[in-house]
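The values are calculated or read from the model by the stated rules, or taken from the named source; none is laboratory data. Quick caveat, the model's predicted, so the values are computed rather than measured. Positions of Cβ are backbone-derived with ideal geometry, glycine not excepted, and every protein chain shown enters the neighbour counts.
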Amino acid sequence: MSDYSVSADQFHNLFMREIPFLDVRSEGEFAKGSLPNSFNLPILSNHERHLVGICYKQKGNKLLSN
């Protein structure tokens, strides 16, 4: 897997050309604010994001330290 990053100039060019953006945040996060010409295809639903938040508060990032 390779890392791919977009420079600020490249992003600005895409934005100015009104290229659509895919926003993978939850529906609630998307509703709070998004870029023009973006559409939402969430990785987690609002409910799933809520459950992950509860788990993280209870267990911290212990699951990530393996």
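Can you pull out the helices (runs of 4 or more DSSP H) entirely within the chain that have at least 3 residues that are surrounded by fewer than 12 Cβ atoms within 10 Å (Cβ to Cβ)?
Working: elements: 8-16, 27-32, 46-59.
Here the list reads 8-16, 46-59.
What pairs come out if I take residues in region 7-30 that are among the β-branched types (Val, Ile, Thr) and at pLDDT 95 or above and pair them with residues that are surrounded by 14 or more Cβ atoms within 10 Å (Cβ to Cβ) and assigned to a loop (DSSP other than H, G, I, E, B) whose C-beta lies under 9 Å away, six or more apart or interchain?
VAL24/PRO42; VAL24/LEU44
If a residue must be farther than 22 Å from PHE15 by Cβ and either in contact with a strand residue (DSSP E or B) (Cβ under 7 Å, 6 or more places away or on another chain) or not acidic (Asp, Glu) (or both), how many such residues does region 37-54 contain? Write out each step before concluding.
Here is the first cut: in region 37-54, the residues farther than 22 Å from PHE15 by Cβ are 43-54.
Applying the additional criterion that residues be either in contact with a strand residue (DSSP E or B) (Cβ under 7 Å, 6 or more places away or on another chain) or not acidic (Asp, Glu) (or both) yields 43-47, 49-54.
Within region 37-54, residues that are farther than 22 Å from PHE15 by Cβ and either in contact with a strand residue (DSSP E or B) (Cβ under 7 Å, 6 or more places away or on another chain) or not acidic (Asp, Glu) (or both) number 11.
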